[in-house]
Amino acid sequence: MRARPRRLPARLLDVLPIGLTLLDVWAHVDGEHRLATAWALLAVLALTLRHRFPLLTFLLTLPSTLVTDATLATLVALYTLASLSRHRVLLACCAVVFAVGDFTPWPWSEVEAGQFSETRSLVRLSYSLATAAAPVFLGQLVQARRELSMRLAEISEAREHERLLTAQSVLAKERAQLAREMHDVVAHQVSLIAVQAGALQMGTRDAGTREAGAAIRRLSVQTLDELRHMVSVLRASGIRPTELTPQPSLADLERLVDGSGIRAELRTELPADLPPTVQRAVYRTVQEALTNVRKHAPGATASVLVHCEEDTLRATVTNTAPTRSALPLPSAHHGLVGLRQRAELLGGTVTSGPTADGGYAVDLRLPLDGARRHTSRDDMVP
């Protein structure tokens, strides 16, 4: 990949023409001619105004072209005017005025009869016109290049905006399709589960079965409520802000463990000022771990320990070995991956693996200082 050439600093570009015009004055103007020297120095000083008042600068440098051979200041002023102005008729007139001033001899009182036609030939006039045209063409070229760069930047910005709109449109379609699938398939099946659980609860005399049916029905109804809200969030498709359901906190851990459907012991030793994102991370980790115990380790018991070790928060969920074979259930195997990603966003880690007694353990570690720093960025993580 070719490296871009380095540009000269802006201050150097402003000072360099003034220095060159001073050298031009020193080389072509005799210091004994005070009037000529004054006009030449005025032309040099006028260049400091060329970016703000390009036409005025050009007019102030014209006398130097007429009374001296130091024409560089006028050429610089003409170039600056051409690079900033789109008025081509004005530029053509300025170029002609410069050429006439450069062509005309000075002082007029010392011009002898017939000297004009002999010394100022057509070749000299053509040279003056060419000298005047060069800075005009160069200035127009620089102006066109600058405008082209601006247009390219605008086109790039428009394309980026169009790409974002296209991505948002595709995302909105995917969200709408997902909402339809959740409403038509998942919600329908969960409704059937709730109905069947209610029928089981009402149609049996066994107390254990009735309690299990009630628990299934309660969880099914809760799942339906969450599904309906998620469908409304997905259908919004980013057009208007939607409020998420109340997010869980550490105060909900006891209810989570009690309703997990397994025998579990909860022990918590935590401060009360933990950020909401940290509380949600702990809750989701315990929730996912207990769900996996219920799915993959039937008959096992679990212990949930949440506490602080110096500046690190730890949430450990450990279960014993299963007492019976697990039923094959569908799983996308994304639960632990999601927990690790959530922990990484808060600067922590999640480790998991089998224990020596045949059980399984999930361990969440969050540095409290890092979690507090990430709180504002990840506050919308559910």
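The values are calculated or read from the model by the stated rules, or taken from the named source; none is laboratory data. On a predicted model such as this, the values are computed, not experimentally measured, just so you know. Here Cβ is always computed from backbone atoms with ideal geometry, including for glycine, and neighbour counts include all displayed protein chains.
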Exercise for the section: Could you figure out which of (1) acidic (Asp, Glu); (2) closer than 19 Å to residue 343 by Cβ; (3) without any contact (Cβ under 8 Å) to a residue 12 or more places away in the chain isn't true of residue 288? Expected result: (3)
Handout entry: Check on residue 81, of a type in the set (A, V, I, L, M) and buried (at least 21 other Cβ atoms within 10 Å of the Cβ)
Key = yes
Practice task
Might you check whether a residue that is acidic (Asp, Glu), part of a strand (DSSP E or B) and modelled with pLDDT of 85 or more occurs anywhere in region 356-363?
Solution key: yes
Completion exercise
For residue 42, the lone unmet condition from (1) under 45 Å from the mean Cα position of the chain (by Cα); (2) modelled with pLDDT of 85 or more is (1)
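Here's the yes/no breakdown for (1) touching a Pro at 6+ places or on another chain (Cβ under 7 Å); (2) under 19 Å from residue 133 (Cβ atoms); (3) touching a residue at least 12 places away in the same chain (Cβ under 8 Å):
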{"residue": "30", "(1), (2), (3)": "no, no, no"}
{"residue": "36", "(1), (2), (3)": "no, no, yes"}
{"residue": "39", "(1), (2), (3)": "yes, no, yes"}
{"residue": "42", "(1), (2), (3)": "no, no, yes"}
{"residue": "45", "(1), (2), (3)": "no, no, no"}
{"residue": "60", "(1), (2), (3)": "no, no, yes"}
{"residue": "69", "(1), (2), (3)": "no, no, yes"}
{"residue": "76", "(1), (2), (3)": "yes, yes, yes"}
Exercise for the section: Tell me which residues, restricted to region 221-251, are buried (at least 16 other Cβ atoms within 10 Å of the Cβ) and at pLDDT 80 or above. Expected result: 250
Fill in the blank from the handout: Inside region 22-39, the number of residues satisfying the requirement of being in contact with a Ser or Thr (Cβ under 7 Å, 6 or more places away or on another chain) and at pLDDT below 85 is 4
Practice task
May I ask you to list the residues in region 62-99 that are assigned to a helix (DSSP H, G or I) and of a type in the set (Ser, Thr, Tyr)?
Solution key: 64, 65, 74, 79, 80, 83
Handout entry: Any hit, region 100-109, residues being in a helix (DSSP H, G or I), farther than 25 Å from residue 20 by Cβ, at pLDDT 90 or above and in the same structural domain as residue 37 (by TED's automatic domain parsing)
Key = no
Handout entry: Residue selected from region 48-61 under the condition surrounded by 22 or more Cβ atoms within 10 Å (Cβ to Cβ) and out of contact with any Leu (no Cβ under 7 Å at 6 or more places or on another chain), by the criterion farthest from residue 97 (Cα to Cα)
Key = 50
Practice task
Take the residues in region 270-285 that are at pLDDT 85 or above and among the hydroxyl-bearing types (Ser, Thr, Tyr), then tell me which one is surrounded by the fewest Cβ atoms within 10 Å (Cβ to Cβ).
Solution key: 283
